[in-house]
Amino acid sequence: MSQKVFVSAQEVADRAGVSRSAVSRTFTLGASVSPETRRKVIEAADALGYHVNHLARGLMRNESGIVCLIVSDMATPHRAGLIKALTQELQHSGKIAMLVNTDLLDGSVDMALRQAIRYRADASIIVSGMPDKSITQLCLKNGQRLVLINRDDEQDGPLRINLDDEEAAGRVVTAFLRAGCRRLAFANSEAGTPSLMARENGFVAAARAHGLEVVVERYGWTSYESGRVLAQRLLTLSARPDAVFCATDLLACGFIDAARHQFSIRVPDQLCVAGFDDIEQASWASYQLTTFAQPLATIAREAVSWLESNEAAKPEGQAHAIRLHADLVWRGSIRGG
């Protein structure tokens, strides 16, 4: 087997008949180099297969260009969409994304994050409410710039990006009331993340403001199968709900399928259902789910823009918070749409 040989800048300089610094200036944006020297260097680099070692160059400036994405539930449609938006924005900014999977919540997560820190990652974006808050502290302790998405960590330094989940939940109550619904329920997982609990609390509070009590049921992970189990629990109550707000679209899809195929309930004629996230499946003809769209592109743009800002570079900066609005996407799972 042949070993991979990395071509050095000095080899390019020798082939082009120029100095080592001329090679460096050729591949440095805005640096001064004559057209003839540039031509020689480019031709020599192409012939030898030379690529600039951006990692080494970045470390000389105490910057690697690496940003960790600390993620759980990567397989879910919403999380996959957010990862896609973040990686596209990072690539557009000339940065490299390094993924740390926190699904196992064991020692391997801590090991993976410490390895990323050894690679001199400049920053981390925590993309879930699930990982332990000690991960946040580890990132800050190692001087990383930090963005927290849908988390409630109260620490100085990071940027926190959250949605106005409670306000959105209040709009769902209004939609259900206008559809003539009075027996309301909330279907949630047992994940207990800040965003899921904000939706639950906001929905219950808004319903009580109208004199209505909400039946709350929680089960399992935030998955399609959990939605089916939640439907089985809520739809076998003696006072069966006529409207259900599911904490996520994935729960709602499982809930709707169970309602239709196990209980022969017609949506929305006999049961109104709303979700949250606006995943691709929500628009499918079999669901036509009324839901809230998370502004994924805006979240990614705000996160990366802040990481590049002077404010993020301050080691002991104050906490910064951005609260974004989720647009209601009205489809056919609530009567009157």
TODO: Quick one: which residues, 5 or more positions from C272 or on another chain, have an amide H under 5 Å from its amide H? H modelled 1.01 Å from N in the peptide plane, none for Pro or chain starts.
DONE: A243, V244
Open item on the list: I need to check one value: relative contact order of the chain, counting alpha carbon pairs closer than 8 Å and at least 6 residues apart, in percent.
Closed with: 15 percent
- [ ] Could you check which residue among L177, L307, L289 shows the biggest mean-square fluctuation in a GNM of the chain with a 10 Å Cα cutoff?
- [x] L177
TODO: Let me have the relative contact order for the stretch 188-337, percent, based on Cα pairs under 8 Å that are six or more residues apart.
DONE: 19 percent
Open item on the list: In whole percent, and with a 1.4 Å probe on the protein chains, what portion of the accessible area of the chain is carbon and sulfur?
Closed with: 49 percent
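So if each residue of separation counts as 0.36 nm, and I subtract the Cα-Cα distance between W284 and F263, what length gain in nm does that give?
The W284-F263 span can extend by a further 5.5 nm.
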- [ ] Compute the relative contact order of the stretch 143-270 as a whole-number percentage, counting only Cα pairs closer than 8 Å that sit 6 or more residues apart in sequence.
- [x] 24 percent
Open item on the list: Which one, V71, V204, V33, has the greatest fluctuation when you compute a Gaussian network model over the chain with C-alpha springs under 10 angstrom?
Closed with: V33
Open item on the list: As a test of the formula, what do you get for the chain when each DSSP H run with n ≥ 4 contributes -39,500 (n - 2.57) and the sum is divided by the residue count, at 222 nm and rounded to the nearest 500 deg cm²/dmol?
Closed with: -13000 deg cm²/dmol
Open item on the list: What are the ³J(HN,Hα) couplings of the stretch 181-187, residue after residue, when phi is run through the Karplus curve with 6.51, -1.76, 1.60 and θ = phi - 60°? Round to Hz, x for glycine and proline.
Closed with: 7, 9, 9, 9, 9, 10, 10
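Just to make sure I understand: if all protein chains stay in place, what is the order of H210, H261 by accessible area at 1.4 Å, largest first? Mind dumping the intermediate values first?
Working: H210 110, H261 145 Å².
I get H261, H210, largest accessible area first.
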TODO: Please arrange K84, K95, K40, K141 by accessible surface area, largest first, computed with a 1.4 Å probe and ligands excluded.
DONE: K141, K84, K40, K95
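For the stretch 174-296, take N as its residue count and report Rg(C-alpha) divided by 2.2 N^0.38 Å. Show your work: numbers first, answer last.
Details: Rg = 13.0 Å, N = 123, 2.2 N^0.38 = 13.7 Å.
For the stretch 174-296, the normalised Cα radius of gyration is 0.95.
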Task: Other-chain or far-sequence residues with amide H under 5 Å of Q144's (modelled H) - done: none
- [ ] For V33, enumerate residues with amide H under 5 Å from its amide H, sequence gap 5+ or separate chain, H modeled in the peptide plane.
- [x] none
Task: W284 accessible area, assembled protein chains, probe 1.4 Å, Å² - done: 120 Å²
Task: In sequence order, calculated HN-Hα J values of the stretch 324-330 (Karplus, 6.51, -1.76, 1.60; Hz; x Gly/Pro) - done: 9, 9, 9, 7, 6, 10, 8
Task: Total charge dipole magnitude, the chain, about the Cα centre, Cβ charges on Lys, Arg, Asp, Glu only, Debye to nearest 20 - done: 480 debye
TODO: Calculate the tail of P(r) for the stretch 121-248: the fraction of all Cα-Cα distances greater than 25 Å, expressed in %.
DONE: 36 percent
Task: Under the Karplus curve 6.51 cos²θ - 1.76 cosθ + 1.60, θ = phi - 60°, whole-Hz ³J(HN,Hα) for the stretch 296-305, x wherever Gly or Pro sits - done: 4, 5, 5, 4, 5, 5, 5, 5, 6, 4
TODO: Please give the per residue accessible area of the stretch 143-275, computed with a probe of 1.4 Å over protein heavy atoms only, in Å².
DONE: 39 Å²
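Can you give the % of DSSP beta bridges in the chain that are antiparallel, to the nearest 5?
Details: 3 of 39 bridges.
So the antiparallel bridges amount to about 10 percent of the total.
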Task: Exposure of M111 as accessible area (Å², to 10), given a probe of 1.4 Å and all protein chains - done: 130 Å²
Task: Antiparallel bridge percentage (DSSP; both residues within the stretch 216-337; nearest 5) - done: 40 percent
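The values are calculated or read from the model by the stated rules, or taken from the named source; none is laboratory data. Fair warning: this is a prediction, and the values are worked out from it, not measured in the lab. Every residue, glycine as well, gets a Cβ built from its backbone with ideal geometry; the counts of neighbours run over all protein chains shown. For the accessible areas, the whole protein counts, side chains as well, though only heavy atoms, and no ligand, DNA or RNA atoms are used. Shrake-Rupley method; radii C 1.70, N 1.55, O 1.52, S 1.80 Å.
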